[in-house]
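The block underneath contains the structure these notes are about, expressed in C-alpha cells.
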Amino acid sequence: MTSETMTSPTPITPTRTWSAVLFDLDGTIVDSASDITASLAHMFTELGLPVPTDEVLLSFVGPPLLDSLRMTAGFNDAEAWEALNVYRDHYGEHVLRSPVFPGVAGVLERLHAAGIPVALATSKPESMARRVLDHAGLSQYFTVIAGASDDEERSTKADVVAEALRRLHALDISTEHSVMVGDRGYDTLGALANGVPTILVEWGYGSPAEAADAMAVVHSADQLRSLLLG
C-alpha cells in the first residue's frame, strides 16, 4: 500500500448496470505483497545475488514477473526462467497465506447475488490463482478465472483480460459494458487495450501517478460496491 492516496480526476456515479466485472487478484482481492517480496528475496539469495531494496521488490508485484526479471533485474532469457522457477518453488509454499482485503469478499458476494458475471484477470499463474480463491472460499463467486499460463505465453494484463473476455463470450455473456477493478496502472492499460474502463482501489500497491487513466478511484470496499451495484 502506498503512503500517498490516489485521486480520481473525474469522480463518477454509476449510470448503468455492468454486464460483467473483471477483478485483478494481488493488491485488489488479496494482500499478497509481503509473501511475494519474501519469495523474491529468497530467489535473489538462492541465485547468489544482492537482494534489492523493499521498494524495488514491491515494483515486481503486478506486472508479469518474467518481464520484470528481464527489465528490472537485467536477466537474460535463460537467467530469467531460472529465477522464475526458483521463485515459484518458494512462493508456491506460501501463496495461501495472503489474507483477503477487508470488505472485498462482501462485494464479490453481492455481485454474485445480483447476477452480475464476475471474472478474474490476473498476471499470476492461473493454477496458482485458483488455489488462492479456493482457499479463501471465493471461487464460487467467479464465472471465469483467467490468469497467466505456466509457460508465460499469456502473461501481460492485456492478454489476460482478452482471455477473460473471450471465456465470458464463450458462455454467451455480454461484455459490452464490462469494467475492470485493479490497483495498478498495468490493470488500467491492459483493460483499456480491450476497450474496458478501470476502477482502481487505493488499498493496493499502486501510486497516485498510476491513477491518471482510471475511470475512478475508490478508497473503501463500500465505495467500490456503490460504483458496481449502485
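The values are calculated or read from the model by the stated rules, or taken from the named source; none is laboratory data. Source: prediction; values computed, not measured. FYI the Cβ positions are ideal-geometry reconstructions off the backbone, even for glycines, and counts take in every protein chain you see. The area values use the complete protein model at the heavy-atom level, side chains included, leaving out ligands, DNA and RNA. Shrake-Rupley method; radii C 1.70, N 1.55, O 1.52, S 1.80 Å.
One residue stands out in segment 89-102 among those that are touching a residue at least 40 places away in the same chain (Cβ under 8 Å) and more than 17 Å from the chain's Cα centre (by Cα): the one that is surrounded by the fewest Cβ atoms within 10 Å (Cβ to Cβ), namely His94.
Just one of the numbered conditions (1) of a type in the set (A, V, I, L, M, F, W, C); (2) closer than 25 Å to Pro99 by Cα; (3) modelled with pLDDT of 95 or more is not true of Ile173: (2). Checking each residue of segment 178-189 against the condition of being out of contact with any Phe, Trp or Tyr (no Cβ under 6 Å at 6 or more places or on another chain) and either among the polar types (S, T, N, Q) or more than 26 Å from Pro125 (Cβ to Cβ) (or both) gives at least one match. In segment 53-67, the qualifying residues are those that are modelled with pLDDT under 95 and assigned to a loop (DSSP other than H, G, I, E, B), and the one that is surrounded by the most Cβ atoms within 10 Å (Cβ to Cβ) is Gly62.
For segment 68-86, which positions are open to solvent by less than 20 Å² (accessible area, probe 1.4 Å) and in contact (Cβ under 8 Å) with a residue 12 or more places away in the chain? Explain how you work it out, then say what you get.
Quick first cut of segment 68-86, residues open to solvent by less than 20 Å² (accessible area, probe 1.4 Å) only: 68-69, 80, 83-84.
Answer for segment 68-86, where residues must be open to solvent by less than 20 Å² (accessible area, probe 1.4 Å) and in contact (Cβ under 8 Å) with a residue 12 or more places away in the chain: Leu69, Ala80, Ala83, Leu84.
Among the numbered conditions (1) in a helix (DSSP H, G or I); (2) within 25 Å of Thr156 (Cβ to Cβ); (3) modelled with pLDDT under 95; (4) of a type outside the set (S, T, N, Q), the only one that Leu96 does not meet is (2).
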